[in-house]
Number of protein chains: 4
Amino acid sequence: MDVGFIGLGRMGRAMAGCLVRAGHSVRVWNRSPEAARAVEGANPVATAAEAFRGDVAVTMLADDAALRSVIVEGGLLDWAERPGLHLSMSTISVALAQDLAAIHARAGVPYVAAPVFGRPDVAETGALNIVASGEAEAIARAAPLLDAMGAKTWPFGTEPQRANAVKLAGNFMLVSAIEAMGEAAAFAEGHGVAGADLLDLLTNTLFASPVYKGYGASIAAKRYEPPGFNLRLGAKDIRLALAAAETVGVSMPFASALRDNLIEAIAQGDGDKDLAALARVVARRSGRG
Amino acid sequence: MDVGFIGLGRMGRAMAGCLVRAGHSVRVWNRSPEAARAVEGANPVATAAEAFRGDVAVTMLADDAALRSVIVEGGLLDWAERPGLHLSMSTISVALAQDLAAIHARAGVPYVAAPVFGRPDVAETGALNIVASGEAEAIARAAPLLDAMGAKTWPFGTEPQRANAVKLAGNFMLVSAIEAMGEAAAFAEGHGVAGADLLDLLTNTLFASPVYKGYGASIAAKRYEPPGFNLRLGAKDIRLALAAAETVGVSMPFASALRDNLIEAIAQGDGDKDLAALARVVARRSGRG
Amino acid sequence: MDVGFIGLGRMGRAMAGCLVRAGHSVRVWNRSPEAARAVEGANPVATAAEAFRGDVAVTMLADDAALRSVIVEGGLLDWAERPGLHLSMSTISVALAQDLAAIHARAGVPYVAAPVFGRPDVAETGALNIVASGEAEAIARAAPLLDAMGAKTWPFGTEPQRANAVKLAGNFMLVSAIEAMGEAAAFAEGHGVAGADLLDLLTNTLFASPVYKGYGASIAAKRYEPPGFNLRLGAKDIRLALAAAETVGVSMPFASALRDNLIEAIAQGDGDKDLAALARVVARRSGRG
Amino acid sequence: MDVGFIGLGRMGRAMAGCLVRAGHSVRVWNRSPEAARAVEGANPVATAAEAFRGDVAVTMLADDAALRSVIVEGGLLDWAERPGLHLSMSTISVALAQDLAAIHARAGVPYVAAPVFGRPDVAETGALNIVASGEAEAIARAAPLLDAMGAKTWPFGTEPQRANAVKLAGNFMLVSAIEAMGEAAAFAEGHGVAGADLLDLLTNTLFASPVYKGYGASIAAKRYEPPGFNLRLGAKDIRLALAAAETVGVSMPFASALRDNLIEAIAQGDGDKDLAALARVVARRSGRG
């Protein structure tokens, strides 16, 4: 397929690489052009508009502001050569997802929300879990790309914001898991048990899952660099989850506690470290940080 | 081995049954004698003292009060015919664990703390994860029993309270996982996504572990009876974790949030339901309960 | 002075009335024109632009969106006949306060932020406490108006957003006081003590201050209508405080707890009731609501 | 009246002094005898039993453990020469208050619970607010003593634990006020407003009450020594409030947040400072501590 790919951070580069290796023709664009040159086999283009056309345009940007700036304020939907489908894979707010769905409908460009679960190393191997919402026909057309980037695509109906809600719910659970491990480790250490020993037990038995094993190992080793997923981005996702929950009347006490602790972690200088550094907050408070 | 087993709730009965099937001679005692008769192949005895002797005495009681009442106030350590080893498997406070260790040391009875992870159905099959603290020689002597009841025994050093701290840390993580799923499901439902669909995705990918799968299925199906592990007991464990954390200067914001929500769940009538019913709290608050 | 007054909700009407009674010539404008006719002795005008000129233009609008819509999007700062001073008295975000200060500086219109403390009945009598930030000369020019509306004006330096930060801090303390009384009353009632008796003691001794006496009486009487200050507006202010705190790296655990409880109160149908209805949240959770 | 007074900490000494000055004959006892000699005009006695007799015995001890040790474990209620009335003024748990009421009833000694509000300097001048529960006739008999120690006695019915519940509710509100001021000050300082200026405004207007003025001044001046009421005792009272709330199914989110922050304050070395030092917690978290 003729694909344009916009947004070449660590995740985007890995995902675009999968598309190239699956045999698609991929034009890539990034705000800072060095990143575009780093995708072997892809064709760097000079403007976002040159990427936002063809069979499918994929976007994988850092946040609401970036996506809104490139697509909406950049006026890409007003061009003649619009893509046959916009596969929107960024982690964005539910509110923006709703706006974008409406804007694309008016512009006549099919829109599929398809945020992903998985860190860059998972993206490299095309093994992401992809959550997709949009018209069934549009999702079907995107399937060859989704299959190239993901181990599995999980459909969540036609309303695009649903996929984004699912993504935020999942990231909330992920950050909660880290906080729970951090508190458990601080508690155990207070009682003379090495956090690493505690987490070795629990992440190999009751909690033997990728998230717990991965972040548990980082917490156990107090290894927070290089960041797989940085703490500031985690804070952003919790903020988006809280905002989206409030609009539907749902209060989330764990998310509120996470928000407080993430703000503290950033204030203490850990914003650019791996999200696992959240575990330092409770340890520091107890004087063992 | 010649074993006495005290405490035949759902967990105790299942564990005593494993010992019988492994060929041990097991005297069993329970405060209400009907339970004792329910362990096929075991020998019910009329008093706790008759059970608290032999090669190893195992205790599996509901809480601090029960264990303190039977062992300490019951004066069992003052008898001539004390057991060669006390294998103490109840989930109790760290403070009581320390007291018991000191009391047993004075009485000259080796003491091994060996709380377990796993629900009654896991106990039936002898597949518990057992956390053991105590003198290495004593743990080694108990090994045939531990192997009969558990899939694996995880050693945590010689100070008996450490095993109990590990157990409380693990249960804290378990209750945290339930709360996180409950909040995520309420959030998702507010956005039109069935909680069951969300949890199906997440518990088969990032969170594909026994705790998440088991409790996730209950939350998805809103199935809270019969209780595998009742909510009131979960509340007790969080209370014990908070108390033990406070003694070592550790604050646990998630545990505090759990405490509040568990109190609310009990006030709303769910104390005897399965711990998964904790998920009802945030749903009810949002008007979707 | 020749004054324009924009925004005639319950607070604005009362404040504009004070200006009229102090002998100022007051043009008034409100989005829905009936409110404008309700200010006796004032001169209703047909457009916001007609009000936004003269010696001083006062704005007292409900929130960021209203103020931004009228002043910024309405293009009022681009007109030739701009006022000699904009006295901005709405409770708005710190971020918007900063934006407005910059926009006014570019337009050459002196800007004074002057949010107020006091409910409508206090505003009627010109007894508000006014927090003012801006150039000293500009505040001095506005003094006759400030004196007509307030018992006292508290200066907080030249940076306009500081007055807004102070206002948000004060409202946060106010909502915290209500929550604390609500929790204390629920606790006391659980022990057979009437909440009214408890609050009678405490609000006449340790907590004998206007906020505690006023809201304490409402909580004691479970009287939540008519709203003096409605709960939804209180929720807005806590949201603004949390957002402004986050930008400067401050986490506020009480504010986070308030946010959760306010969301629940709104979800349970109390958004249009008096803020005192926040006390119902903990009572309801305990089954005594 | 012939009075025995047990417990001569800073509060007890001041209160016993008031009784002496009001013309009562006062025997005083304290575990460490130096304190007993410090009450001018009183008659130090060598044992608690010598103090626990006469018309009225007053107890003012530090906590549950001290009161239980002296009165219950000390066997004072088994003596022949028991007092005509026990006026129990310590801040203790609701559970112990209930136990003591039952024990005194069996021993035939009238029991009045009469905890107090006010710091040592207020106690010196006999201006405490006293909360009294017990049989009306017994409270009436104690009136001359209550009047000597307090500005006013607030009756709360016949069940003794109610006065203790009221005391805990009041202290919870007091600690909440400190936390709210601490968060507000940290927030304001983040925005360039001196905490002292903010608190000067608020504690002279909306929050012009003794608690806010007193603790507000300490927070503004960052003056935490000498302690009027030390942080560790404040933590004890919040723990008692949480425990008593749980027994009646009431969850208190503010109290839970306070508990976490008080644990952190103690872990960071501020346990022996004035309770106002609680304000340091949020400031420290934001990097401005």
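The values are calculated or read from the model by the stated rules, or taken from the named source; none is laboratory data. Because the structure is predicted, anything quoted here is derived from the model rather than measured. Note: ideal-geometry Cβ built from the backbone for every residue, glycine included; neighbour counts use all protein chains shown. All accessible areas refer to the heavy atoms of the entire protein, side chains included, with ligands and DNA or RNA removed. Shrake-Rupley method; radii C 1.70, N 1.55, O 1.52, S 1.80 Å.
Brief remarks follow.
- Note on residue D:222 and residue D:127: the model spin-label points, each 7 Å out from Cα along the C-beta direction, lie 3.1 nm apart.
- Net +/- balance of residues flanking residue A:53 in space, Cβ distance below 13 Å, scoring K and R +1, D and E -1: -3
- Anisotropy class assigned to the protein assembly as shown is oblate, per the alpha carbon gyration tensor with a/c at or over the 1.5 cut-off and a/b no larger than b/c.
- Distance in nm between pseudo-label sites at residue A:143 and residue D:232 (7 Å out along the Cβ direction from Cα): 7.0
- Peptides B:142-154, A:32-44 ordered by packing proxy, namely the average of other Cβ atoms within 10 Å per residue, highest first: B:142-154, A:32-44.
- Only protein heavy atoms count here, probed at 1.4 Å, and on that basis chains D and C bury about 5200 Å² of accessible area in total.
- For residue D:132, nonlocal amide neighbours, meaning residues 5 or more places apart or on other chains whose placed amide H falls under 5 Å from its own, are D:154, D:156.
- DSSP beta bridges confined to chain B are antiparallel in about 15 percent of cases.
- Using a cutoff of 8 angstrom between alpha carbon atoms and counting only pairs six or more residues apart, the relative contact order for region C:10-135 works out to 22 percent.
- Label-reachable residues, region D:59-90, where backbone N falls under 11 Å from a point 7 Å from residue D:107's Cα toward its Cβ: D:68-87
- Counted by Cβ distance under 11 Å from residue D:282, the other residues give a net charge of -2, where Lys and Arg count +1 and Asp and Glu count -1.
- About the Cα centre, charge dipole magnitude for chain C (Lys/Arg +1, Asp/Glu -1 at Cβ), debye: 280
- Considering the rotation that superimposes chain D on chain B, the residue of D whose beta-carbon lies nearest the axis, and that distance in Å, is D:256, 2.
- Among the residues of C:167-174, the average count of other protein chain beta-carbon atoms within 10 Å of the residue beta-carbon is 6.
- For chain C, the relative contact order works out to 13 percent when only alpha carbon pairs closer than 8 Å and six or more residues apart are counted.
- Among A:16-27, D:195-206, sorting by the average number of other beta carbon atoms lying within 10 angstrom of each residue, highest first, gives D:195-206, A:16-27.
- Report summary: the helix-based calculation at 222 nm, which adds -39500 (n - 2.57) for every DSSP H run with n ≥ 4 and divides by the residues of chain A, gives -15500 deg cm²/dmol.
- Between copies, residue B:192 shows label-point distances of 4.5, 5.4, 5.8 nm, shortest first, with the point placed 7 angstrom from Cα along Cα to C-beta.
- Projected label distance in nm at residue D:81 and residue C:80, using a 7 Å step from Cα toward the beta-carbon: 10.1
- Partners for residue C:213 among aspartates and glutamates (Cα-Cα distance below 18 Å; same-chain residues under 8 apart left out): C:121, C:179, C:183, C:197, C:200, C:225, C:274
- DSSP assigns beta bridges within region D:2-158; of those with both partners inside it, close to 10 percent run antiparallel.
- Restricting region A:170-220 to GluC sites (Glu not before Pro) in coil, as DSSP defines it, with at most 13 other Cβ within 10 Å: none
- When each full DSSP H helix of chain D is screened for a Cα extent of at least 15 Å along its own axis and an average Kyte-Doolittle hydropathy of at least -0.5, the helices passing are D:10-21, D:94-107, D:136-149, D:160-190, D:210-221, D:231-247, D:253-267.
- Exam field: residue B:155 pseudo-label spacings to other copies (7 Å along Cα-Cβ), nanometres: 5.4, 6.9, 7.5
- Judged by the gyration tensor of its Cα atoms, with axes a ≥ b ≥ c, chain D is prolate; a/c meets the 1.5 cut and a/b is the larger of a/b and b/c.
- Here's the picture: charge each Lys and Arg Cβ at +1 and each Asp and Glu Cβ at -1 in region C:2-158, and of C:140, C:44, C:104 the one pushed furthest to the positive end of that dipole is C:44.
- Global form of region B:2-158, assessed from the alpha-carbon gyration tensor, a/c cut-off 1.5: rounded
- Mean partner shielding of peptide C:276-284, defined as the number of other chain Cβ atoms within 10 Å of each residue Cβ, is 2.
- Peptide packing for B:48-56, B:74-82 was compared via the average number of neighbouring C-beta atoms within 10 Å per residue; ordered from the highest value, the list is B:48-56, B:74-82.
- Net charge of the neighbourhood of residue C:165, taken over other residues with C-beta under 14 Å away and scored Lys/Arg +1, Asp/Glu -1, is -4.
- Accessible surface of the protein assembly as shown, 1.4 Å probe, proportion on carbon and sulfur as whole %: 51
- Per-residue average of Cβ from other chains inside 10 Å of C:194-207: 6
- Under 13 Å from the Cα of residue C:236 - aspartates and glutamates, other chains or at least 8 residues apart: A:246, C:63, C:64, C:260, C:272
- Amide N proximity, region C:252-277 versus residue C:32 label position 7 Å along Cα-to-Cβ, cut-off under 20 Å: C:270-275
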